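The values are calculated or read from the model by the stated rules, or taken from the named source; none is laboratory data. These numbers were taken from a predicted model, which means no experiment stands behind them. A quick note on method: Cβ atoms are made from the backbone with ideal geometry, for glycine too, and the neighbour counts reach across all protein chains shown. Side chains are part of the model used for accessible areas, which takes the heavy atoms of the whole protein and leaves out ligands, DNA and RNA. Shrake-Rupley method; radii C 1.70, N 1.55, O 1.52, S 1.80 Å.
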Amino acid sequence: MANRQDIDIREVSKLSGLPASTLRYYEEKGLIKSIGRRGITRVFPASVLQQLPLISLARYAGFSLDEIGTMFIHGDRPDIDRERLLHKAGELDKAIGRLQAMRDGLRHVANCPEENQLECPKFQNLIKKAMRLQHREERKGKPRARITNRH
């Protein structure tokens, strides 16, 4: 593989585990770049197999495709902004804290000694805190989760 300079989209798909449609979409978004065609088949540099795991990691960490695209402005060599990584890590810390608090609150309500959980002081505090956080996020312009009541 090291001697080969380019690989077609089918082989990239096979080696990466990503469907060809995803690879084409990544190319459209500027995350990867083909180096030409072999007939009607896109051909990529072998280095794309190093880029795709980085893209997957960044997506898993919560970066948008547009944000990831800015990490590859120097061709196939990543240009990773360390401050952006630290900012994202801070966002993840906050999300983890919120999720842990919600988990703990749900466990408490599930095991609450009160016959009616609405009478539980800890549950009342959880409701109030959730309401404050939701209002704060709405004021910041973040979309809120919609709760639907489907029958």
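One table, with the values for the structure above:
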{"read-out": "Accessible-area composition of region 27-109, carbon plus sulfur, in percent [1.4 Å probe]", "value": "56"}
{"read-out": "The chain, accessible area per residue, ligands and nucleic acids excluded (1.4 Å, Å²)", "value": "77"}
{"read-out": "FRET efficiency, residue 33 to residue 135 (Cβ-Cβ, R0 30 Å, nearest 0.05)", "value": "0.10"}
{"read-out": "Those trypsin sites (Lys or Arg not before Pro) in region 10-86 that DSSP places in a loop and that have at most 16 other beta carbons within 10 Å", "value": "29, 33"}
{"read-out": "Links that overshoot a 20 Å alpha carbon limit, given the list 88/129; 94/122; 94/129", "value": "88/129; 94/122"}
{"read-out": "Hits among aspartates and glutamates - C-alpha to C-alpha of residue 33 under 17 Å, sequence gap 8 or more where chains match", "value": "6, 8, 11, 66, 67, 76, 79"}
{"read-out": "GluC sites (Glu not before Pro) within region 36-138, DSSP loop, no more than 16 other Cβ atoms inside 10 Å", "value": "114, 115"}
{"read-out": "Residue 56 paired with residue 118, simple spin-label distance in nm, labels 7 Å along Cα-to-beta-carbon", "value": "4.8"}
{"read-out": "Net charge of Cβ neighbours under 12 Å - reference residue 63; Lys, Arg +1; Asp, Glu -1", "value": "-1"}
